[in-house]
């Protein structure tokens, strides 16, 4: 058995972490992405840089880097969430599909032109098809553009790209293992992945939020870190056992946990672990940088950088235009996506670990990422001038055509015609997919685990009979849910209002489809257990389906309703906690938790002055601040940004209060640097002395937001005519370094 040198492991880890710390400080001071600093640190610690001590055993760093990939994908999953995917809309999905598909095809063509092998060209296409979420967020924040109209659509596209990247990793792994690009094998891999994703998400969403809700009072931050990381590695191992990668399992578990009420808390406790191992991963990327290879491939690097920039602009803009976005927004989006980042490194690491990727491609991709990272802010700023020039030279007929298409798409999205049937069909399709996956997994477990035991204990005849009965008893509620379309009373009323009657043609079509699927499942169970012939199996299956529908429907209807209520409640658990839905107390009263925004109208006020009960009809039962709970807060307590208010009220009261409490000031949203809620005393030399608040330019010159002013023991609510005096204590949101000048 091979032994591990603990001393060399610690020595190498100490070296790269110290170098990473130094490089991150330097790059932070230069206002560059810290990721680039880690890559530089990795290069310095590598054998390719002979002027500095290098790591003793590169395999040690590979070990830490693999853990880094798992933690990074887990953290990305925490920002993803199944609920968020459902909310991004078809436009983001279509745009991401156009970008990824176009860039993969372009990368494959360029790879073949450069003389790369087929597998290398496929991996190259995957590596240049994913924009960097981290770099885009950093660039938009530095440029004070997070509030621009096109940014939400960009973030939605990045969410979908993250999911595509995970699917791509599975497909690329299949290609690498089978050494072929056979379409049948790829389709089988995608189908297998889809099946396991549905099962994992369904079971995880059904169980985990319920468990967290039940035990949240006794789970400390330490326990939450252990539980979340334990679930991450457990799912990673289960993913490998199912034939997928460690990274996929980590991403899936993160996505499941992102839908729980503890998601923000998990992100908080996991953040230091992610930062540590993420740094190690990016440092290991830098260790793969070989200056000799880069010098020999300078032309290739330049060409690939141009391909990434031009390709992302073209496909990003076209994708946005195809989904009905205006030309200006489409160009802004395309110019923002002009870089590659963390997923490129992860895909490259996958190819290297599988032994199918040419080692010279890794440093080339790293160099391309560095170049496109540095050019990203320039291209983001160039989008508006480019649009202005294009608008002047573009024929007016083209402009009218594009604007007309955009307006038509917007109108079609808001049209109510057929919307009710669309919702019914979508819900039915989702039910069929989820319940079919659950039923298939039950049949699979019965066939592989239960059947051998029953045949061994009871013999062939009775073992098969008992196995069929038990399997059908467990699977029958899900077959009922597949068969019967679920149309709500409110939807029936809407259909009657829209067309005067309810058309039964779609209902019959869905019913026939459900009957066919349920019959197929029962026949599969009978066939697997070898109970009867195929003709008799069909007769038995149809008979059992009719029994389920006609005789057992009332029993199964209530059971399925309870299952769906819990599942939907867990999917919406974070929204329900925010609005109080699903948290009924008495009658129509709910307990809701809402976070105070910077532009809340009563921020900085004492509770007795906020008059929440008089103005909004709600009762404040607790305040959560910095991890501490204040039950039944005193009337002298003040409300500050970031506080979580626990309030009791009815739906109307809570919905009226939510947008006011959660309002975020745009100036505060544009604050850059190390932003925090702080307070300090202004002295006699402060430039604020004798100045009224309206003339102080706190937002414009210091990118800060004044919450309250304390004079002695009294708090003064900021008004435009408030004049600052020596000894005032300012409670303010902003960068402490920039606020030093005010003291």
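The values are calculated or read from the model by the stated rules, or taken from the named source; none is laboratory data. All values reported here derive from a predicted model rather than from experimental measurement. As a convention, Cβ positions derive from the backbone with ideal geometry for all residues, glycine included, and neighbour counts pool all protein chains shown.
Assorted remarks:
Listed here are the residues, each with its yes/no results for (1) in a helix (DSSP H, G or I); (2) outside the structural domain of residue 52 (by TED's automatic domain parsing); (3) under 23 Å from residue 16 (Cβ atoms).
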position: 308; (1), (2), (3): yes, no, no
position: 317; (1), (2), (3): yes, no, no
position: 324; (1), (2), (3): no, no, no
position: 334; (1), (2), (3): yes, no, no
position: 356; (1), (2), (3): no, no, no
position: 380; (1), (2), (3): yes, no, no
position: 389; (1), (2), (3): yes, yes, no
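- The selection criterion, being touching a helix residue (DSSP H, G or I) at 6+ places or on another chain (Cβ under 7 Å), in the same structural domain as residue 549 (by TED's automatic domain parsing) and modelled with pLDDT of 80 or more, holds for residue 433.
- The C-beta contact set for segment 644-659 (first residue at positive phi, second residue surrounded by 14 or more Cβ atoms within 10 Å (Cβ to Cβ) and assigned to a helix (DSSP H, G or I), distance under 6 angstrom, 6+ apart or interchain) is empty.
- Helices (runs of 4 or more DSSP H) contained entirely in segment 203-303, each with at least 3 residues that are surrounded by fewer than 21 Cβ atoms within 10 Å (Cβ to Cβ), in the same structural domain as residue 193 (by TED's automatic domain parsing) and over 17 Å from the mean Cα position of the chain (by Cα): 221-241, 263-287, 291-296
- Contact map, segment 13-38: residues that are outside the structural domain of residue 137 (by TED's automatic domain parsing) paired with residues that are surrounded by fewer than 23 Cβ atoms within 10 Å (Cβ to Cβ) and modelled with pLDDT of 85 or more, Cβ distance under 9 Å, separation 6+ or inter-chain. No pairs are found.
- If the condition is being modelled with pLDDT under 80 and in contact with a strand residue (DSSP E or B) (Cβ under 7 Å, 6 or more places away or on another chain), then segment 620-630 contributes only 629.
- Among the residues of segment 677-714, those that are surrounded by 19 or more Cβ atoms within 10 Å (Cβ to Cβ), over 18 Å from residue 737 (Cβ atoms) and touching a residue at least 24 places away in the same chain (Cβ under 8 Å) comprise 696, 707, 708.
- Hits in segment 708-742 (condition: outside any strand (DSSP E or B) and under 16 Å from residue 692 (Cα atoms)): 717, 718, 719, 720, 721, 722, 724, 725, 726, 727, 728, 742
- The set of residues from segment 104-130 being surrounded by 19 or more Cβ atoms within 10 Å (Cβ to Cβ), touching a residue at least 24 places away in the same chain (Cβ under 8 Å) and in a helix (DSSP H, G or I) comprises 104, 106, 107, 110, 119, 120, 122, 123, 124, 126, 127.
- As a summary of the residue check, residue 560 satisfies the conditions (1) over 30 Å from residue 479 (Cβ atoms); (2) at pLDDT 75 or above except for the one numbered (1).
- Set side by side, the residues 349, 344, 333 differ, and just one is over 20 Å from residue 101 (Cβ atoms) and in contact (Cβ under 8 Å) with a residue 24 or more places away in the chain, which is 349.
- Given (1) in contact (Cβ under 8 Å) with a residue 60 or more places away in the chain; (2) within 29 Å of residue 114 (Cα to Cα), number of the condition residue 270 does not satisfy: (2)
- Cβ separations smaller than 6 Å between residues 6+ apart or across chains give the following pairs from segment 622-642 residues that are in contact (Cβ under 8 Å) with a residue 24 or more places away in the chain to residues that are loosely packed, with under 13 Cβ neighbours inside 10 Å: 622/629; 622/631; 635/608.
- Checked against (1) surrounded by 20 or more Cβ atoms within 10 Å (Cβ to Cβ); (2) more than 18 Å from the chain's Cα centre (by Cα); (3) over 29 Å from residue 274 (Cα atoms); (4) modelled with pLDDT of 85 or more, residue 101 passes all but a single condition, namely (1).
- Flag if residue 106 is assigned by TED's automatic domain parsing to the domain that holds residue 330 and either modelled with pLDDT under 75 or within 21 Å of residue 248 (Cα to Cα) (or both): no
- Exactly one residue out of 443, 425 is at pLDDT 75 or above, surrounded by 10 or more Cβ atoms within 10 Å (Cβ to Cβ), assigned by TED's automatic domain parsing to the domain that holds residue 481 and under 30 Å from residue 91 (Cα atoms): that is 425.
- Test: residue in segment 37-44 that is more than 14 Å from residue 288 (Cα to Cα) and surrounded by fewer than 17 Cβ atoms within 10 Å (Cβ to Cβ): no
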